[in-house]
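As structure tokens, the structure follows; a few thoughts come after it.
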Amino acid sequence: MECAREPSGRVSRSGIDHGPADIVALDARRRHTGLPKEKARDQKAETFIGYLNLVGPRDGLSDNQYEAATNFMGLYVSYLRSIKAPGVARDGEAGGAPSEEISEAYEEWVLDTKEVYADCRKAIQAAQNENRGANLWAALDICIINDQWMHHMTGDVRIVCNALARFFRI
């Protein structure tokens, strides 16, 4: 059912079509981030590391650093699934509650995931030891995992993304 909408997305009682509903959200994102209209439409603009990538390598993150951060997030979610942490987002293929049956392939995947995650943490700790004035663990937790916009941590985010890029061989 196609009907006229207000700029907020509500159905218009007057019947006047006010244009696409996402214009208000995109304008708010553009004002909040300072990105041009074309870049504000990009899905990367909704996360802090995506925003830093859209800003560019001079003031934000390079493509390799962004890819390393997204690879880490994939590894982190896999690790949380492997330890069966509560509240972990399930992908669509699982479809319901996890089964109680544990196969050998699942056990191997759990061990491999835990090992890769531990190696990744060691790589981050090595970078932390090299950069004693930076707080890489806070940058990783706050800016990458929890997606909070902390502009004063951009330098630390770059360093941790460089360590992740070295680990993932990007």
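Inside the range 138-157, can you point out the residues that are surrounded by fewer than 19 Cβ atoms within 10 Å (Cβ to Cβ), more than 15 Å from Tyr76 (Cα to Cα) and touching a residue at least 24 places away in the same chain (Cβ under 8 Å)?
Gln148, Trp149, Met150, Thr154
Can you pull out every residue in the range 116-137 that is open to solvent by 60 Å² or more (accessible area, probe 1.4 Å), without any contact (Cβ under 8 Å) to a residue 24 or more places away in the chain and assigned to a helix (DSSP H, G or I)?
The answer is Arg121, Lys122, Gln125, Asn129, Glu130, Trp137.
Output the residues belonging to the range 47-76 that are surrounded by fewer than 16 Cβ atoms within 10 Å (Cβ to Cβ) and in contact with an Asp or Glu (Cβ under 9 Å, 6 or more places away or on another chain).
Pro57
Could you grab me the full set of residues in the range 38-84 that are hydroxyl-bearing (Ser, Thr, Tyr) and not in a helix (DSSP H, G or I)?
Hits for the range 38-84 are Thr47, Ser62.
Mind counting the residues in the range 37-65 that are over 16 Å from His151 (Cα atoms) and aromatic (Phe, Trp, Tyr)?
Residues flagged as over 16 Å from His151 (Cα atoms) and aromatic (Phe, Trp, Tyr) within the range 37-65 amount to 0.
Take the range 138-170 and flag every residue that is in a helix (DSSP H, G or I) and under 12 Å from the mean Cα position of the chain (by Cα).
Hits for the range 138-170 are Leu140, Asp141, Ile142, Cys143, Ile144, Ile145.
Looking at the range 77-109, which of the residues that are modelled with pLDDT of 75 or more and among the charged types (D, E, K, R) is surrounded by the fewest Cβ atoms within 10 Å (Cβ to Cβ)?
Here the answer is Glu104.
Looking only at the range 7-23, which residues are surrounded by 10 or more Cβ atoms within 10 Å (Cβ to Cβ), assigned to a loop (DSSP other than H, G, I, E, B) and at pLDDT 75 or above?
Arg10, Ser12
All but one of (1) of a type outside the set (Lys, Arg); (2) part of a loop (DSSP other than H, G, I, E, B); (3) at pLDDT below 80 hold for Asp27, so report the exception by its number.
So the condition that Asp27 fails would be (2).
The values are calculated or read from the model by the stated rules, or taken from the named source; none is laboratory data. Remember, predicted model here, so these are calculated numbers, not experimental data. Note: ideal-geometry Cβ built from the backbone for every residue, glycine included; neighbour counts use all protein chains shown. Remember, those area values only see protein heavy atoms, side chains included, never the ligands or the DNA or RNA. Shrake-Rupley method; radii C 1.70, N 1.55, O 1.52, S 1.80 Å.
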